[in-house]
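These notes concern the structure reproduced below.
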Amino acid sequence: NELNQMQRWLERLEGRLNGLSQHYNLSLQNSTNNRLRILTVISAIFMPLTLIAGIYGMNFPNMPELQIPYGYFILLGLMAVIGGGLGIFFYVRGWFD
(Lines give C-alpha, C1' and ligand atoms only; values in the text may rest on other atoms or scores of the structure.)
Protein backbone atom coordinates (compact mmCIF):
# COMPACT_ATOMS: atom_id res chain seq x y z
CA ASN A 1 0.00 0.00 0.00
CA GLU A 2 2.71 2.46 0.96
CA LEU A 3 4.73 1.35 -2.02
CA ASN A 4 1.81 2.19 -4.35
CA GLN A 5 1.43 5.61 -2.74
CA MET A 6 5.14 6.26 -3.13
CA GLN A 7 4.96 5.19 -6.79
CA ARG A 8 2.03 7.57 -7.47
CA TRP A 9 3.86 10.36 -5.66
CA LEU A 10 6.96 9.76 -7.79
CA GLU A 11 4.86 9.75 -10.98
CA ARG A 12 3.29 13.10 -10.02
CA LEU A 13 6.72 14.47 -9.20
CA GLU A 14 8.03 13.25 -12.54
CA GLY A 15 5.15 15.02 -14.31
CA ARG A 16 5.89 18.26 -12.48
CA LEU A 17 9.59 18.02 -13.30
CA ASN A 18 8.79 17.41 -16.97
CA GLY A 19 6.52 20.46 -16.95
CA LEU A 20 9.23 22.60 -15.36
CA SER A 21 11.78 21.35 -17.85
CA GLN A 22 9.49 22.21 -20.78
CA HIS A 23 8.79 25.64 -19.30
CA TYR A 24 12.52 26.32 -18.90
CA ASN A 25 13.22 25.21 -22.49
CA LEU A 26 10.44 27.46 -23.85
CA SER A 27 11.78 30.39 -21.85
CA LEU A 28 15.26 29.76 -23.20
CA GLN A 29 13.94 29.54 -26.77
CA ASN A 30 12.05 32.82 -26.36
CA SER A 31 15.19 34.53 -25.10
CA THR A 32 17.19 33.19 -28.04
CA ASN A 33 14.50 34.26 -30.51
CA ASN A 34 14.49 37.79 -29.08
CA ARG A 35 18.26 38.07 -29.43
CA LEU A 36 18.16 36.77 -32.99
CA ARG A 37 15.38 39.22 -33.85
CA ILE A 38 17.49 42.15 -32.64
CA LEU A 39 20.51 40.90 -34.60
CA THR A 40 18.33 40.55 -37.70
CA VAL A 41 17.07 44.11 -37.35
CA ILE A 42 20.60 45.46 -36.93
CA SER A 43 21.74 43.49 -39.99
CA ALA A 44 18.80 44.75 -42.04
CA ILE A 45 19.62 48.35 -41.11
CA PHE A 46 23.33 48.13 -41.93
CA MET A 47 23.07 45.98 -45.08
CA PRO A 48 22.07 48.80 -47.49
CA LEU A 49 24.62 51.12 -45.86
CA THR A 50 27.33 48.53 -46.42
CA LEU A 51 26.27 48.19 -50.06
CA ILE A 52 26.54 51.95 -50.62
CA ALA A 53 29.92 52.12 -48.88
CA GLY A 54 31.11 49.12 -50.91
CA ILE A 55 30.10 50.68 -54.22
CA TYR A 56 31.86 53.95 -53.48
CA GLY A 57 34.90 52.15 -52.12
CA MET A 58 35.69 50.53 -55.49
CA ASN A 59 37.76 53.52 -56.74
CA PHE A 60 36.49 53.53 -60.30
CA PRO A 61 37.88 56.49 -62.27
CA ASN A 62 34.56 57.46 -63.88
CA MET A 63 32.03 58.04 -61.13
CA PRO A 64 30.29 61.31 -62.06
CA GLU A 65 28.70 61.77 -58.65
CA LEU A 66 32.18 62.10 -57.13
CA GLN A 67 32.58 65.43 -58.95
CA ILE A 68 29.61 67.01 -57.14
CA PRO A 69 30.99 69.59 -54.68
CA TYR A 70 29.01 68.30 -51.70
CA GLY A 71 28.68 64.72 -52.91
CA TYR A 72 30.39 63.28 -49.83
CA PHE A 73 27.99 65.02 -47.46
CA ILE A 74 25.01 64.17 -49.65
CA LEU A 75 26.01 60.51 -49.56
CA LEU A 76 26.48 60.59 -45.78
CA GLY A 77 23.07 62.24 -45.46
CA LEU A 78 21.51 59.62 -47.71
CA MET A 79 23.03 56.85 -45.63
CA ALA A 80 21.76 58.50 -42.42
CA VAL A 81 18.26 58.82 -43.90
CA ILE A 82 18.24 55.18 -45.01
CA GLY A 83 19.57 53.91 -41.67
CA GLY A 84 17.25 56.16 -39.66
CA GLY A 85 14.28 55.31 -41.86
CA LEU A 86 14.83 51.59 -41.43
CA GLY A 87 15.33 52.07 -37.69
CA ILE A 88 12.04 53.96 -37.42
CA PHE A 89 10.30 51.38 -39.60
CA PHE A 90 11.37 48.52 -37.34
CA TYR A 91 10.62 50.53 -34.20
CA VAL A 92 7.07 51.27 -35.38
CA ARG A 93 6.57 47.60 -36.21
CA GLY A 94 7.63 46.70 -32.66
CA TRP A 95 10.78 44.77 -33.51
CA PHE A 96 12.82 46.44 -30.77
CA ASP A 97 10.65 45.19 -27.89
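The values are calculated or read from the model by the stated rules, or taken from the named source; none is laboratory data. Source: prediction; values computed, not measured. Quick reminder, even Gly has a Cβ in these numbers, built from the backbone with ideal geometry, and neighbours come from all protein chains shown.
For the reader, a short list of remarks on this structure follows.
- Some residue of the stretch 32-52 being among the aromatic types (Phe, Trp, Tyr) and part of a loop (DSSP other than H, G, I, E, B): no
- For the stretch 53-97, a residue qualifies if it is aromatic (Phe, Trp, Tyr), outside any loop (DSSP other than H, G, I, E, B) and more than 30 Å from residue 31 (Cα to Cα), and the qualifying residues are 56, 72, 73.
- Scope the stretch 1-34; condition closer than 25 Å to residue 94 by Cβ and of a type in the set (Ser, Thr, Tyr); matching residues: 27, 31, 32
One line per residue, one yes/no per condition, for (1) surrounded by 10 or more Cβ atoms within 10 Å (Cβ to Cβ); (2) modelled with pLDDT under 90:
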residue	(1), (2)
6	yes, no
24	yes, no
28	yes, no
48	yes, no
55	yes, yes
62	no, yes
68	yes, yes
75	yes, yes
82	yes, no
